[in-house]
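Below is one structure, written out as structure tokens; the observations come after it.
The values are calculated or read from the model by the stated rules, or taken from the named source; none is laboratory data. Predicted model, so just to flag it, every value in this text is computed and none were measured. Reconstructed Cβ throughout: ideal geometry from the backbone, glycine too, with neighbour counts over all protein chains shown.
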Amino acid sequence: MSRHEPGLLKTVAAWWQAGPFAFVFLLFFLLPLALVLAVSFWNFNEYELLPAFTGRNYLAIFEGCGGLNARGDLCVTFATYLSTLKFCLLVWAATLGLGFAVAYFLAFHVRSPSVQTALFVLCTIPFWTSNVIRMISWVPLLGRNGLVNDLLVGAHLVRQPVEWLLFSSFSVVLAFVHLYTMFMIVPIFNSMMRIDRSLLEAASDAGASAWQTLWNVVVPLSRTGILIGSIFVITIVMGDFVTVGVMGGQQIASVGKIIQVQTSYLQFPLAAANAVILLAVVLMIIWGLTRLVDIRREL
């Protein structure tokens, strides 16, 4: 055996180990993505798809987006993306605040590992039921004749039921926060559990207050979890159409909702083009976030 053969065997073994994972990645990620991209350039009519290269689907999406319309509004595409980004920003801020607070409490204020585990499992209980069921559960609470309005009217805080509690932007954001805060809690909690507790003691010995320790020690060392949780929440909210449809009363537009409507009308190339544009926007957001933290170095 030559001296080069052991290195060659190691290389072959590494390829054999990586082969199944590469195959799964190719089959379930790259291939579907390539198909969506290909279909986005197809033509179509009321009856069939026409596998012919055309860019009219992308032109149709941005039709009339060269400036403001006669009423001074943005075109439908830009307005929809702006609405989706608004929901994304609001939900990200709310889930980050709640997720960080819950994770901080579990990581630094709960001393018993068994209690810590029990409380963490308690946070996952809502995931044992369907998202749709969890959304519908808000209807009897927030509806015009719901429990919240009954309490407000009964306490004479309002004269008549509040209309914007349900089937509004408020209810959409509330449902998103309810559904996806756990995606922020888990990675932040994982990052906080890896923080060396002696660093907190050193900050306290140096005279740092609790807020100074939180801002200068805990937050920087939790940034990997914050980034991962942010990516989870942003990618889910950007493509969601069920929550917007149910909690928005089918009256609020989102990019995911537009794609769902187009597929229901069998306009698959147009929906594929919208999906490609949405993917590009999400990837740009993720790229911007990863510029702030090098995940590979931090993990």
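Data overview
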| read-out | value |
| --- | --- |
| Only one of V186, V244 that is at pLDDT 90 or above and touching a Lys or Arg at 6+ places or on another chain (Cβ under 6 Å) | V244 |
| Boolean, G72 is among the small types (G, A, S) and modelled with pLDDT under 80 | yes |
| The listed residue being within 23 Å of F108 (Cβ to Cβ) and either loosely packed, with under 13 Cβ neighbours inside 10 Å or more than 13 Å from the chain's Cα centre (by Cα) (or both), out of V246, V219 | V219 |
| Residue in region 112-121 that is within 30 Å of G245 (Cα to Cα) and not charged (D, E, K, R) present | yes |
| Only listed residue being hydrophobic (A, V, I, L, M, F, W, C), farther than 24 Å from G256 by Cα and either in contact with a Lys or Arg (Cβ under 9 Å, 6 or more places away or on another chain) or touching a residue at least 60 places away in the same chain (Cβ under 8 Å) (or both), chosen from F108, F23, F53 | F108 |
| Members of region 101-111 that are modelled with pLDDT of 85 or more and over 14 Å from I188 (Cβ atoms) | H109, V110 |
| Output for region 203-213, where each listed residue is in a helix (DSSP H, G or I) and touching a helix residue (DSSP H, G or I) at 6+ places or on another chain (Cβ under 8 Å) | A203, S204, Q212, T213 |
| Within region 114-148, tally of residues that are free of Cβ contacts under 8 Å to residues at least 24 places away in the same chain, of a type outside the set (S, T, Y) and not in a helix (DSSP H, G or I) | 4 |
| Selected residue [exposed (fewer than 15 other Cβ atoms within 10 Å of the Cβ) and part of a helix (DSSP H, G or I)] from L200, L174, L151 | L151 |
| Residue match in region 267-283 (condition: within 19 Å of V102 (Cα to Cα) and either within 21 Å of the chain's Cα centre (by Cα) or basic (K, R) (or both)) | no |
| Matching residues, region 194-217, being of a type in the set (A, V, I, L, M, F, W, C) and under 30 Å from L283 (Cβ atoms) | none |
| Any hit, region 38-59, residues being small (G, A, S), modelled with pLDDT under 90 and over 24 Å from the mean Cα position of the chain (by Cα) | yes |
| Selected residue [modelled with pLDDT of 85 or more, among the β-branched types (V, I, T) and surrounded by 11 or more Cβ atoms within 10 Å (Cβ to Cβ)] from T95, T124 | T95 |
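Listed here are the residues, each with its yes/no results for (1) basic (K, R); (2) out of contact with any Gly (no Cβ under 9 Å at 6 or more places or on another chain); (3) free of Cβ contacts under 8 Å to residues at least 12 places away in the same chain.
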position	(1), (2), (3)
G207	no, yes, yes
A210	no, yes, yes
S222	no, yes, no
F232	no, yes, no
V244	no, no, no
V255	no, no, no
V261	no, yes, yes
